[in-house]
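Notes to accompany the following structure.
The values are calculated or read from the model by the stated rules, or taken from the named source; none is laboratory data. The model shown is predicted, which means the values in this text are computed figures rather than measured ones. Glycine also receives a Cβ, built like all others from the backbone with ideal geometry; neighbour counts cover every protein chain displayed. SASA here: full protein model, heavy atoms, side chains in, ligands and nucleic acids out. Shrake-Rupley method; radii C 1.70, N 1.55, O 1.52, S 1.80 Å.
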Amino acid sequence: MHAKIKDISGKKIKCSSPGCINSKDGITIMEKKEILNRWSEYVEDLFKDDRCKKPNIEKKKEILNRWSEYVKELFKDDKWKKPNIEKNIEGSSIFKEEVEAAIKKMKNGKAIGPDNIPVDIVKALDNLGIDLTTKLLTAK
């Protein structure tokens with residue numbers, strides 16, 4: 001009954017075997033050469049580049065060079081030179097308040113680290129623990 005309805009409605013019966021595909025027009029193709037041509041056509045359509053023409057890279061480089069020269073000319077005077085600043089290689093010292101804040105953030109009951117000192121002990125020592133930790137961290 002379904003086949004009769006398809007025949008009357010004009011719908012074409014699709015090929016169920018693996019050796020056939022449909023053309024662009026919907027016609028079933030079964031010959032190997034035509035199938036290969038259809039696949040070739042399909043891949044060309046799939047990867048066709050319909051975008052606008054590609055930009056001229058040489059012109060882009062020329063524009064960038066002109067802008068670069070313009071900016072150099074614009075900032076030509078000496079006031080834009082970087083100041084000579086001596087760098088502090090040793091870094092700033094660690095403050096007691098920083099150590100105290102870090103210790104307060106630590107949670108109790110956690111596993112000990114590579115120093116084998118539990119945070120609970122450092123917290124229990126209160127100011128002495130903070131002072132000792134600060135001295136340890138700022139020692140040279």
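Consider W67 carefully, then state whether it is at pLDDT below 80 and either among the aromatic types (F, W, Y) or in contact with a helix residue (DSSP H, G or I) (Cβ under 7 Å, 6 or more places away or on another chain) (or both).
Numbers: at pLDDT below 80: no; either among the aromatic types (F, W, Y) or in contact with a helix residue (DSSP H, G or I) (Cβ under 7 Å, 6 or more places away or on another chain) (or both): yes.
Answer is no for this residue.
The set of residues from the range 90-137 being polar (S, T, N, Q) and surrounded by fewer than 13 Cβ atoms within 10 Å (Cβ to Cβ) comprises S92, S93, N108, N116, N127. The residues of the range 25-45 that are open to solvent by less than 60 Å² (accessible area, probe 1.4 Å) and basic (K, R) amount to a single one, R38. If the condition is being modelled with pLDDT of 90 or more and of a type in the set (D, E), then the range 90-119 contributes E97, E98, E100.
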